[in-house]
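Take a look at the structure set out below.
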Amino acid sequence: MAIIERTAWSAEMEKNANTVGKMTGGASFAGDIANRNWKVLRVICDMGYSLMPKEKGIKVVQLDLDGIHGEMSLPKKQVSENIILYIHGGGLVSGSAKGTRAYCSMMAKYSGCRVVSIDYSLAPENHHPAALNDCEKAFLALRKQFPKAKFAVQGESGGGYLTVALAVRLLNDGYKAPECLVPHSPLCDFTFTLDRSYYDVHDITVSTEGLVPLQKIFCPESDVNDPELTVLNFEHFDQFPPTTITCDANETLRADAEALYRRLNDAGVDVTLLMYHGTFHAFAPIGTSSPETTELLIDNIHFMKRCWGEEYALFAHNCCLN
């Protein structure tokens, strides 16, 4: 249990940060988010992810998970029965399973596991708890369809929030939680009262001004103190599975990531926070597009396999496949 700080150094990371900055115009989720054209925003989001290279030898299979659409990335050489469920980001208003294909193909190849990404209900057309309901239905359907599998749930940004909220929901409903969680840059506080004054915020994607209108778009009729929204209010963190959190040191949601780390650490959970300097919000899904995120991908897979009780040698063998 520790906070580990790392500093980005590569030209590839700088190039990715510049690309994201140009696509978002400095901060896609800013104060005028309520007036954005959602259809255009979703196209831009998926277009950006579509530019990422996909790993060869990965087969994509379409799934129906109790009415929720999913995509399963199957590695050429499967070395594990266990499954990674990936919940896409996009501020809860954009993103798709299709948009995650590149990153899911990387996880599938490097882990030797099946990786499933899902489409969940997006705001503003659908309000909370629609997205969380979809995630729970999909997860329970996977548990039923693959009863021998152990699970890791991973997601970034809005998907990072849903990763943690899914564990809260499952525990509240009396179900078994996933064996581990990997939330990247998770939104953990829908009251937006966390103190962010102790660090300099420099975020090319999510501005502090964009948080309040996001609340009005995503959960206008809900009690924002509900632990399924503000997950920091959950009273039983001691029941949480091992968790690895990542964030950028200067992103808006650093305060959320640190607050989640403290809650889990205080509850005695096996938790690590990887805090990066010189990256950007929700940078993890660029995967093998930079040395820093390749290292992070490997670390995350090592963590998940440890939680599953699998030998690291299985991963080490598979990551060398062509």
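The values are calculated or read from the model by the stated rules, or taken from the named source; none is laboratory data. Keep in mind it's a predicted model, so treat the numbers as computed, not measured. Ideal geometry is used to build each Cβ from the backbone, glycine not excepted, and the neighbour counts take in all protein chains shown. Accessible surface areas use protein heavy atoms only, side chains included; no ligands, DNA or RNA. Shrake-Rupley method; radii C 1.70, N 1.55, O 1.52, S 1.80 Å.
Key figures for this structure:
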| quantity | calculated |
| --- | --- |
| Furthest towards positive pole of dipole, 133, 302, 2, structure part the chain, Cβ charges | 302 |
| Where the range 172-322 is the region considered: accessible area per residue in Å², 1.4 Å probe | 38 Å² |
| Accessible carbon and sulfur surface of the chain relative to its total accessible area, %, 1.4 Å | 51 percent |
| Highest to lowest packing among 122-133, 256-267, 104-115, 213-224, scored as the average C-beta count within 10 Å | 104-115, 256-267, 122-133, 213-224 |
| DSSP bridge pairs, the chain: antiparallel proportion in percent, nearest 5 | 30 percent |
| Ranked by how many other beta carbons lie within 10 Å on average, peptides 65-77, 236-248 from highest | 236-248, 65-77 |
| Centre separation in Å (Cα based) which lies between the range 208-250 and the range 164-205 | 5 Å |
| Options [x] 1.09; [y] 1.18; [z] 0.90 - which one matches Cα Rg over 2.2 N^0.38 Å as calculated here | [z] |
| Among 17, 167, 152: highest mean-square fluctuation, GNM of the chain, C-alpha pairs under 10 Å | 17 |
| Å² of accessible area per residue within the range 57-157, as computed with a 1.4 Å probe and no ligands counted | 33 Å² |
